[in-house]
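Presented below is the structure to which this report refers.
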Amino acid sequence: MEKIIDLVNEHNNWRRNCINLIASENTMSPICEKLYTSDLMHRYAEGLPFKRYYKGLKYVDQIEDITEKAFKEHFKVNFVDIRPTSGTLANYSVFSALAKPGETVMTLGIDGGSHISHEKGGAIGMLKYEIEHVTYNPENLEIDIEKTGEKILETKPKFIVLGGSVLLFPQPIRELKKYCNEVQTKMVYDAAHVFGLITSSNFQNPFEEGVDIVTSSTHKTFPGPQGGIILANLDDEKLKTRIQNKVFPGFVSNHHLHRVPCLYVALREMQEFGQEYTSQIIKNAKALAKKLDELGFEVIGKSKGYTQTHQVLLNVSKNGGGKIVADKLEDQNIILNKNIIPHDSTDDPDNPNGIRIGVQEMTRYGMKEEEMEQIAEFIFDIVVNNKQVKDKVIEFRDNFKEIKYVF
Ligand SMILES: Cc1ncc(COP(=O)(O)O)c(C=O)c1O
């Protein structure tokens, strides 16, 4: 047993001494961490608040009801389901409610930035849908509206999924929705990465631009507990019920109740501090990208101002590729992911040419543009000059141990 306890302690200690730049992670506030380890983590609740299959839930019902209502009010939507325990399960639930096996759906394609759950290897493939991809231009990193629109009219997909895992710039939601409306194609937006930015109005708002359903994780730029959420403005009561039934009893039984109060608190934190926090995230991502560019790295999206989100995408093919670069950085306590970049073949996802950087977690610890420049210098020293800078990284991180933008 000691071994496991030691490993956990070592992990905690190590990651507290690292510059964490994984674009899909974040850390919860101290209040949320405390709430997370309550008795709720031992309990079961199936069904919806006040309509449960289990007993012992008189407080749980209230917690969940208050949380759902807070999200409905914040996003001005009439449908929220917080029960999916991950973004992937939120996707499964929505995708399976919108089409039947053999029917056609449209996605971005991995090189266009979509998530594996939108593609053949993930949920969409397992649901046995036929996949059409949007026409994506890797040169300007934009979806070709006209060609994609024509494809929508021609193939009449049951739904199209936008959003995605590599998301540097807004997408033409409004423009594509016009085509979707002509052939009754539903539009789903997977906000997993940018949910925090959307929550505090620092990115395009998919609801205002006409998306039918938003799915998301709740733990990337939105600094809540790991989990998923579905939000929508739907008049179709049957569709709402179908989605709810896909969540439970479809994909989730127990929905990990200890997440729920943390989700509520994270929303309140974002309402209070999110504007400042997410503005700083975007400023930091731009500052990091600019400095990396000045140091000679190939930053994808340079001609468009590098990024409008928390992400920075680098082509590191001349530095040995994404795997080698990510390994080297991890040795020096800088943690990030290799990533497929435009023009990469998807045949060998283990050896892509890129790395994806996210600044949302380090921003939460109070880092600003100046610190981003220092991080770029560390990356340059490690990747280009093969220097050992781990001690400097640890010393640097030591000044940023307290989470900001929280009550
Ligand atoms: C766009 C997108 N959707 C869904 C997911 C999956 O979320 P989860 O890890 O919560 O299942 C991810 C994961 O990073 C993602 O990037």
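Descriptive notes on the structure:
- The stretch 211-235, residues that are away from the ligand (no atom under 13 Å from the Cβ) and buried (at least 23 other Cβ atoms within 10 Å of the Cβ): 211, 213, 223, 231, 232
- Filter result for residue 326 (out of contact with any helix residue (DSSP H, G or I) (no Cβ under 9 Å at 6 or more places or on another chain) and aliphatic (A, V, I, L, M)): yes
- Qualifying residue in the stretch 259-272 (condition: within 15 Å of the ligand (Cβ to nearest atom), within 22 Å of residue 171 (Cβ to Cβ) and surrounded by 18 or more Cβ atoms within 10 Å (Cβ to Cβ)): no
- Residue list for the stretch 170-217, filter: touching a residue at least 60 places away in the same chain (Cβ under 8 Å), assigned to a loop (DSSP other than H, G, I, E, B) and either farther than 22 Å from residue 127 by Cβ or charged (D, E, K, R) (or both): 170, 193, 194, 200, 201, 202, 203, 207
- Scanning the stretch 305-318 for residues that are under 18 Å from residue 163 (Cβ atoms) and either open to solvent by 10 Å² or more (accessible area, probe 1.4 Å) or of a type in the set (Ser, Thr, Tyr) (or both) yields 307, 308, 309.
- Residue 340 being on the phi < 0 side of the Ramachandran plot and modelled with pLDDT of 95 or more: no
- Flag: residue 114 does not match the condition of being surrounded by fewer than 21 Cβ atoms within 10 Å (Cβ to Cβ), under 16 Å from residue 190 (Cβ atoms), outside the structural domain of residue 344 (by TED's automatic domain parsing) and touching a residue at least 12 places away in the same chain (Cβ under 8 Å).
- Out of 91, 20, one residue alone is of a type outside the set (A, V, I, L, M), within 16 Å of the ligand (Cβ to nearest atom), outside the structural domain of residue 164 (by TED's automatic domain parsing) and surrounded by 19 or more Cβ atoms within 10 Å (Cβ to Cβ). It is 20.
- Scanning the stretch 236-254 for residues that are surrounded by 20 or more Cβ atoms within 10 Å (Cβ to Cβ) and under 17 Å from residue 99 (Cα atoms) turns up 243, 246, 247, 251.
- Hits in the stretch 176-198 - residues which are hydroxyl-bearing (Ser, Thr, Tyr) and within 16 Å of the ligand (Cβ to nearest atom): 189
- Only one entry of 340, 334, 375 meets the criterion of being open to solvent by less than 30 Å² (accessible area, probe 1.4 Å) and within 16 Å of residue 25 (Cα to Cα), and that entry is 334.
- Checked against the criterion of being open to solvent by 10 Å² or more (accessible area, probe 1.4 Å) and within 16 Å of the ligand (Cβ to nearest atom), the candidates 143, 160, 173 yield just one match: 143.
- Candidate set from the stretch 179-197 (those that are β-branched (Val, Ile, Thr) and open to solvent by less than 10 Å² (accessible area, probe 1.4 Å)); member that is nearest to residue 159 (Cα to Cα): 185
- Among the residues listed as 69, 128, 76, the single one being over 24 Å from residue 208 (Cβ atoms), charged (D, E, K, R) and open to solvent by 60 Å² or more (accessible area, probe 1.4 Å): 128
The values are calculated or read from the model by the stated rules, or taken from the named source; none is laboratory data. For clarity, every value in this text was computed on a predicted model and none was experimentally measured. Backbone-built Cβ (ideal geometry, glycine too); neighbour counts: all protein chains shown. Ligands, DNA and RNA are excluded from the accessible area calculation, which covers all protein heavy atoms including side chains. Shrake-Rupley method; radii C 1.70, N 1.55, O 1.52, S 1.80 Å.
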